[in-house]
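Below you'll find the structure I mean.
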Amino acid sequence: MARVRPTLEDRERVRKLAESILSRISDLAKERGLPAQAMLVGSAARGTWLAGDHDLDIFIAVPEGSELEDALNLARAMAQEHEEKYAEHPYVHAIIEGFDVDLVPCYLLENTSCLKSAVDRTPFHTRYVLERIKGMEDQVLLLKQFMKGVGVYGSELKVGGCSGYLSELLVLHYGSFMGTLEGTSGWRPGEIIDLEGRGTLSHDAPMVVVDPVDPRRNVAAALTLDKMLQFAASARCFRKGPSLDFFFPRSIQPLTDEELIKTMEERESAFILLEFLAPPVVEDILFPQLRKAEESIRALLTRNEFSVLRSDVESADGLAWALFELGVWELPRIMRRFGPPAYESDHISRFISSHPQPISGPYVEGGRAVVEVERKYTKAWDLLEGEMSKLSLGKHLAVEVQKGHNIYVGPALTNIKIPGFRTFLARYFRRRQRIC
């Protein structure tokens, strides 16, 4: 437990810093005559934060009818240097005494029936877990570290995994870390967990965990089918052969030029990479658009008979990338187009007139009219460049791609020296999951 449980010294640091910030907010609110209440929420408040994590979530609640801007101004005053981010509404992120601190305005509500935004639920989550988790905190820490180790921790859209709150609910439901692994081992699509038996709504999701403080909400809404089944398979693997590697896998190192070239040569496939400046938006906006762009490019390549083996997206150091590995990347100059059945004279005429200068044809094959024409793009990278403006890339991405982009092919990937990119490639090439 020493590697997952924060030390007493760390706990004391968190306690003192939280108390200091809460006190400063309270004093400033009094000075300004604002009826605001600051509270520590999240895993730090519930004693379920992992060793090494240095995050604090502090909510500044104002009564219904008040202005959230008042709470936001209090947040701004907590650190001279800060940045403002936006989820459903603005909040402040600052680094205070080495901790990442999010200062989030919300409304002070009596219950969750009149929520103004999703963040208004969080204080209720903290209260619910605190009243029930005592004595099981270490079980939550083990589960969180296991989830991290097998790659299913994090409800952000980039990951599509389990949130910290979900991990706590799972421990409450199954009773322990091992109980949770036993329970998750048998998960199938359509799994439903309802701790309070209050769920009434149906949800279009692989798994439903009814929020005990708001039965309309699915706590597992962000959990994708792949991550759900990956978690279940990893749980089965661990139960068959427990190992610390599940919790603390070997870190992935960035690929060197030599390793990158060698790996590409061994795979005997072709790689195309689209690179552009990442738009200045939060990851939960950026990554859905990156995935949308990925699917749009895959569809373009596939429609034009370039076989895509696998693809992935990443963002780091202000840049964004979409990587495509192709099994077929160059095609002959000539291609065949099949028209309507040969007995449909009107359709045949239109088909032939739309191809006035075929290389060969028209002729009948398999009962249909066929012409052989010149392919517009014989190389996949020329297709991507030539059709870029027609792709569905998402609102923010399209703007950045239009401003400028790079297309790298094969060995040219070595021109990108950014460690975050080389680590992304290492993860791509060495993709292995603990599944049984």
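The values are calculated or read from the model by the stated rules, or taken from the named source; none is laboratory data. In this text the structure is predicted, and so the values were computed from the model without any measurement. With ideal geometry, Cβ positions are generated from the backbone for all residues, glycine too; neighbour counts draw on all protein chains shown.
What number of residues in the stretch 157-214 are part of a loop (DSSP other than H, G, I, E, B), closer than 30 Å to V281 by Cβ, in contact with a strand residue (DSSP E or B) (Cβ under 9 Å, 6 or more places away or on another chain) and not hydrophobic (A, V, I, L, M, F, W, C)?
Number of matching residues: 5.
Return a yes/no flag: does the stretch 38-45 have any residue that is more than 30 Å from the chain's Cα centre (by Cα) and over 23 Å from S155 (Cβ atoms).
Checking the stretch 38-45: not a single residue is more than 30 Å from the chain's Cα centre (by Cα) and over 23 Å from S155 (Cβ atoms).
Can you tell which of L273, L300, L286 is in a strand (DSSP E or B) and either on the phi > 0 side of the Ramachandran plot or in the same structural domain as M388 (by TED's automatic domain parsing) (or both)? It would help to see each step written out before you state the result.
Numbers: L300 fails: in a strand (DSSP E or B); L286 fails: in a strand (DSSP E or B).
So the residue among L273, L300, L286 that is in a strand (DSSP E or B) and either on the phi > 0 side of the Ramachandran plot or in the same structural domain as M388 (by TED's automatic domain parsing) (or both) is L273.
Checking R310 against (1) assigned to a strand (DSSP E or B); (2) closer than 21 Å to P411 by Cα; (3) in contact with a helix residue (DSSP H, G or I) (Cβ under 7 Å, 6 or more places away or on another chain), which test does it fail?
So the condition that R310 fails would be (3).
Rundown of residues vs (1) surrounded by 19 or more Cβ atoms within 10 Å (Cβ to Cβ); (2) in a loop (DSSP other than H, G, I, E, B), yes/no style:
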position	(1), (2)
A220	yes, yes
M228	yes, no
F238	yes, no
D245	no, no
R250	no, yes
P254	no, yes
E258	no, no
E265	no, no
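Checking the conditions here, which among E295, E305 is without any contact (Cβ under 8 Å) to a residue 12 or more places away in the chain and not small (G, A, S)?
Values: E305 fails: without any contact (Cβ under 8 Å) to a residue 12 or more places away in the chain.
Just a single option satisfies the conditions, and that option is E295.
Report, ordered by the first and then the second residue, all pairs with beta carbons closer than 6 Å, sequence separation of six or more or different chains, a first member in the stretch 79-107 that is more than 22 Å from H125 (Cα to Cα) and in contact (Cβ under 8 Å) with a residue 24 or more places away in the chain, and a second member that is in a strand (DSSP E or B) and aliphatic (A, V, I, L, M).
Correct list of pairs: F99/L56.
Continuing with the same structure: I need the full set of residues from the stretch 1-49 which are on the phi < 0 side of the Ramachandran plot, crowded, with 19+ Cβ neighbours inside 10 Å and part of a helix (DSSP H, G or I), in order please.
Those that are on the phi < 0 side of the Ramachandran plot, crowded, with 19+ Cβ neighbours inside 10 Å and part of a helix (DSSP H, G or I): V14, L17, A18, I21, I25, A29, S43, A44, A45, R46.
Mind counting the residues in the stretch 317-331 that are under 12 Å from F287 (Cα atoms) and touching a Pro at 6+ places or on another chain (Cβ under 9 Å)?
Qualifying residue count for the region: 1.
A further question on this structure: Just one of the numbered conditions (1) assigned to a loop (DSSP other than H, G, I, E, B); (2) surrounded by 17 or more Cβ atoms within 10 Å (Cβ to Cβ); (3) free of Cβ contacts under 8 Å to residues at least 60 places away in the same chain is not true of Y343; which one?
Result: Y343 fails condition (2) only.
If the requirement is being in contact with a helix residue (DSSP H, G or I) (Cβ under 9 Å, 6 or more places away or on another chain) and within 23 Å of P63 (Cβ to Cβ), which of these qualifies: K116, K144?
On the way: K144 fails: within 23 Å of P63 (Cβ to Cβ).
Checking each option against the conditions leaves just K116.
If the Cβ limit is 7 Å and pairs must be 6+ apart or interchain, which residue in the stretch 110-138 that is modelled with pLDDT under 95 pairs with which residue that is among the basic types (K, R) and part of a helix (DSSP H, G or I)?
Once the first residue is modelled with pLDDT under 95 and sits in the stretch 110-138, its partners that are among the basic types (K, R) and part of a helix (DSSP H, G or I) give T112/R121; L115/R121.
Report, ordered by the first and then the second residue, all pairs with beta carbons closer than 9 Å, sequence separation of six or more or different chains, a first member in the stretch 1-19 that is in the same structural domain as E137 (by TED's automatic domain parsing), and a second member that is assigned to a helix (DSSP H, G or I).
If the second residue must be assigned to a helix (DSSP H, G or I), no pairs are left.
Here is a follow-up. Take L8 and decide whether it is farther than 19 Å from H93 by Cα, aliphatic (A, V, I, L, M), modelled with pLDDT under 95 and touching a helix residue (DSSP H, G or I) at 6+ places or on another chain (Cβ under 8 Å).
The answer is no for L8.
Right, here's the next one. Name every residue in the stretch 30-64 that is β-branched (V, I, T) and either under 19 Å from E9 (Cβ atoms) or at pLDDT 95 or above (or both), in order of residue number.
Applying the first criterion (β-branched (V, I, T)) to the stretch 30-64 yields 41, 48, 58, 60, 62.
Residues satisfying the conditions are V41, T48, I58, I60.
(1) modelled with pLDDT of 95 or more; (2) more than 30 Å from L143 (Cα to Cα); (3) crowded, with 17+ Cβ neighbours inside 10 Å: which one isn't true of A233, the others all being true?
(2)
Working carefully through the options L115, L109, L68, find the one that is surrounded by 16 or more Cβ atoms within 10 Å (Cβ to Cβ), farther than 25 Å from A220 by Cα and among the aliphatic types (A, V, I, L, M).
Going through L115, L109, L68 in turn, just one is surrounded by 16 or more Cβ atoms within 10 Å (Cβ to Cβ), farther than 25 Å from A220 by Cα and among the aliphatic types (A, V, I, L, M): L68.
If L141 passes every condition in (1) more than 20 Å from the chain's Cα centre (by Cα); (2) within 20 Å of E182 (Cβ to Cβ); (3) surrounded by fewer than 22 Cβ atoms within 10 Å (Cβ to Cβ) but one, which one does it miss?
Unmet for L141, out of (1) more than 20 Å from the chain's Cα centre (by Cα); (2) within 20 Å of E182 (Cβ to Cβ); (3) surrounded by fewer than 22 Cβ atoms within 10 Å (Cβ to Cβ): (3).
Can you tell which of S202, S163, S155 is modelled with pLDDT under 95 and either of a type in the set (A, V, I, L, M, F, W, C) or under 15 Å from the mean Cα position of the chain (by Cα) (or both)?
When all the criteria are applied, what remains is S155.
A follow-up question, please. Please work out which one of (1) modelled with pLDDT under 95; (2) over 30 Å from L244 (Cα atoms) is the condition R3 fails and give its number.
(2)
Also, quick follow-up: Quick check on the stretch 350-368: of everything there that is in contact with a Pro (Cβ under 9 Å, 6 or more places away or on another chain) and within 20 Å of N304 (Cα to Cα), which residue is surrounded by the fewest Cβ atoms within 10 Å (Cβ to Cβ)?
Checked the stretch 350-368; the qualifying residue surrounded by the fewest Cβ atoms within 10 Å (Cβ to Cβ) is H355.
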